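So the structure is just underneath, and the comments pick up after that.
No lab work stands behind these numbers, since they all come straight from the coordinates. Note that the structure is a prediction, hence the values are computed from the model and not measured. Positions of Cβ are generated from backbone atoms using ideal geometry, with glycine treated the same way; all protein chains shown enter the neighbour counts.
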Amino acid sequence: MRLVEFAPAARAELDAAADRYELERPGRGVRLYAAVERGVRLIVRFPDAGPMDAGVPVNFAVRRPVVRSFPFALAYRELGDAIRIDAVVHSKRRPGYGHRRLR
């Protein structure tokens with residue numbers, strides 16, 4: 001099985017979103033974590049299936065599938081045998097959010 005790592009900033013984004021959801025409605029933050037985990041399992045099984053992020057140069061090969069039932073996407077890249085999730089992007093955030101991390 002491939003190693004999946006979250007960039008520290010991506011982990012912080014996920015944790016902040018889950019905390020916010022949990023405060024709004026208990027249990028919803030836990031459901032966000034579960035949805036992200038399902039998304040990560042799909043990425044591991046089918047790493048080329050996520051759509052390419054149109055705002056990133058092709059040579060970075062960033063894919064950005066959505067997290068089911070939540071307004072988030074996981075911006076990730078394959079780095080050798082590992083998959084690195086660089087950003088957990090909210091669909092309402094400004095275009096290009098998280099791209100500076102790829103340089």
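Tell me, 78, 24 in order of fewest to most beta-carbon neighbours within 10 Å?
Going from sparsest to densest Cβ surroundings: 24, 78.
Quick one: net charge around residue 69, please, counting Lys, Arg +1 and Asp, Glu -1 for every other residue with C-beta under 12 Å from its C-beta.
Computed value for this residue: +4.
Would you work out the relative contact order for the range 3-92, in percent, from Cα pairs under 8 angstrom that are 6 or more residues apart?
Relative CO of the range 3-92 lands at 32 percent.
Using each residue's phi in the range 69-74, evaluate 6.51 cos²θ - 1.76 cosθ + 1.60 at θ = phi - 60° and report the 3J(HN,Hα) Karplus result to the nearest Hz, with x for Gly and Pro.
Each residue of the range 69-74 in turn: 6, 9, x, 10, 10, 9 Hz.
Compute the distance in nm between two label points, each set 7 Å from the Cα along the Cα-to-Cβ direction, one at residue 22 and one at residue 44.
Each label point lies 7 Å from its Cα, and together they span 2.3 nm.
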